[in-house]
1. Consider only pairs whose beta carbons are under 7 Å apart and that are at least six residues apart or on different chains; among these, list those whose first residue lies in the stretch 61-85 and is without any contact (Cβ under 8 Å) to a residue 12 or more places away in the chain and whose second residue is surrounded by 10 or more Cβ atoms within 10 Å (Cβ to Cβ) and not in a helix (DSSP H, G or I).
2. Would you please name the residue that is modelled with the lowest pLDDT, looking only at residues in the stretch 1-26 that are within 30 Å of residue 43 (Cβ to Cβ) and surrounded by fewer than 12 Cβ atoms within 10 Å (Cβ to Cβ)?
3. Being modelled with pLDDT of 80 or more, in a helix (DSSP H, G or I) and loosely packed, with under 10 Cβ neighbours inside 10 Å: is that true of residue 29 here?
4. Which one is modelled with the highest pLDDT among residues in the stretch 73-101 that are within 40 Å of the chain's Cα centre (by Cα) and assigned to a loop (DSSP other than H, G, I, E, B)?
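The values are calculated or read from the model by the stated rules, or taken from the named source; none is laboratory data. Note that the structure is predicted; figures quoted are calculated from it, not measured. When we count neighbours, we look across all protein chains shown, and the Cβ atoms used for this are built from the backbone with ideal geometry, even at glycine.
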């Protein structure tokens, strides 16, 4: 600690005080200054993180939909069941009961 104190009180004290002041101003400018500052970087990182989570969610949804599409294309009974449940299709002679929830 003595060497640090000697820098600020020794023969070059004005230079080191000036350098410390400039460094403090630069640090404040990087932290709170307009435009591209550290706070902006932190906010952008949180936004990127949330968007990456959304990408993962949409990717799993797409995979599930692709699986269902393959299943509906390959199995006619599954397609018929899907059409009856979701679009209320029926065959002639069927009794249809629609219950709204």
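1. Pairs that qualify, where the first residue is without any contact (Cβ under 8 Å) to a residue 12 or more places away in the chain and the partner is surrounded by 10 or more Cβ atoms within 10 Å (Cβ to Cβ) and not in a helix (DSSP H, G or I), are 83/89; 84/90.
2. Out of the qualifying residues, it is 26.
3. no
4. That would be 75.
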